[in-house]
Amino acid sequence: MENKKEVLLTGDRPTGRLHIGHYVGSLRSRIKLQDDPRYDQYIFIADCQALTDNARNPEKIRQNLIEVALDYLAVGIDPNKNTIFVQSQIPELTELTFYYMNLVTLGRLQRNPTIKTEIKEKNFDGGIPTGFMTYPISQAADITAFNAKYVPCGEDQEPLLEQAREIVRAFNSIYGDVLVEPNGIFAAEGVCRRLPGIDGAEKMGKSLGNAIYLADESDVVKKKIMNMFTDPQHLRIEDPGHLEGNVPFIYLAAFAKPEHFAAFLPQYKNLDEMAAHYTRGGLGDGTVKKFLNEVLQSELGPIRERRKQYEQNIDYVYDMLQQGSIKARAVAAETLKRVRRAMGLEYFEDTSLRDEYKSKYAKK
Ligand code: TRP
């Protein structure tokens, strides 16, 4: 293969705009990795995967495609440093999925912990769509089509990566060494792996109404911070406060840097000092929230401004998705060709297949 860099790949379902959980869990590392010369990064919008539980809601997916693309550009994901593409524009992925389906049992899909959780969350009333049940297989196609060795993602994706690895091992052992086994790269700090909602719920999500979006206006961000769940026992400022499940402190752990303290709250050098004061008693939730607001506004402000510029240039956004998809498709087509060849399906291109028969039936 001509490409010697290691491939990184990540995708997002376009079911809503991206929020700060996506930012600390994944987008931030993509921005760092796009400048790392060791890697070649693919980033895609998983519209087909989003349709597996939104078949009757295609307009939502179509609209969020562009919202997610705007969020990418807004955070600083650079189309010149990454291949940014749209899943549905790569039909090769569907064909790979169909071959991989034969390597996975129904029982295995039903035991996937991420799928189990999602089935509970989504309570499908007309039954579970087959496409939804099999999306882990299609995700393995997404990953392997680009020979991705690393998948920067949230920890909820680990069972899907494990599924992909099993498919790779099965494929390679049956058909020969064609596919690359993927590994997850998780956000370094545990707190960034899963940011809770502003209400303290374990997960931040659009359906839960507890997210801070990258595109939220500054007054909306502020209001959400002021309503955040903290420590219900911390009634008076002098009372000792508790950090566990305390949303502003969790967000500060994900966002606050020493520069923020120097600029907005110089009485503390870092979060440890601030947290110690809170636990001792004497630091009010209002001060904590006010500081969090300064921190988040300084991080999100430039993102929001950049987004507004791209919103005025929708043609640019579509063009970059189209160019990226053309480039990505060529790579996926190359992998598919190797897969079909390994499986012995290239009947008309691979002359070794017909030569075998010629010699089998050759008159002695
Ligand atoms: N499952 C991912 C999500 O929920 C989206 C996704 C689809 C993905 N295919 C992928 C992520 C491949 C990483 C690699 O957002």
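Odds and ends about this structure:
- For region 233-348, the helices (runs of 4 or more DSSP H) that sit wholly inside it and include 2 or more residues that are within 30 Å of N147 (Cβ to Cβ) are 314-343.
- Selection status of Y175, farther than 30 Å from N246 by Cβ and within 13 Å of the ligand (Cβ to nearest atom): no
- Among residues of region 146-160 being free of Cβ contacts under 8 Å to residues at least 60 places away in the same chain and near the ligand (Cβ under 8 Å from one of its atoms), the one that is surrounded by the most Cβ atoms within 10 Å (Cβ to Cβ) is L160.
- Pick from region 179-217, criterion surrounded by 15 or more Cβ atoms within 10 Å (Cβ to Cβ) and small (G, A, S), ranking: farthest from L160 (Cα to Cα): A215
- Matching residues, region 33-63, being of a type outside the set (A, V, I, L, M, F, W, C) and under 22 Å from K327 (Cα atoms): Q34, D35, D36, P37, R38, Y39, D40, Q41, Y42, D47, Q49, R62
Quick grid of which residues meet (1) of a type in the set (D, E); (2) part of a helix (DSSP H, G or I); (3) within 12 Å of the ligand (Cβ to nearest atom):
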| site | (1), (2), (3) |
| --- | --- |
| F98 | no, yes, no |
| I119 | no, yes, no |
| F124 | no, no, no |
| T144 | no, yes, yes |
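- Wholly enclosed helices (runs of 4 or more DSSP H) of region 1-93 bearing at least 3 residues in contact with a helix residue (DSSP H, G or I) (Cβ under 6 Å, 6 or more places away or on another chain) and within 13 Å of the ligand (Cβ to nearest atom): 47-51
- All conditions but one from (1) charged (D, E, K, R); (2) within 22 Å of C48 (Cβ to Cβ); (3) in a helix (DSSP H, G or I); (4) in contact (Cβ under 8 Å) with a residue 12 or more places away in the chain apply to K206; the one that does not is (3).
Read-outs: derived from the displayed coordinates by stated rules, not from any lab. Keep in mind that what you see is a predicted model, and the values were worked out from it rather than measured. Neighbour counts run over all protein chains shown; Cβ positions are idealised from the backbone, glycine included.
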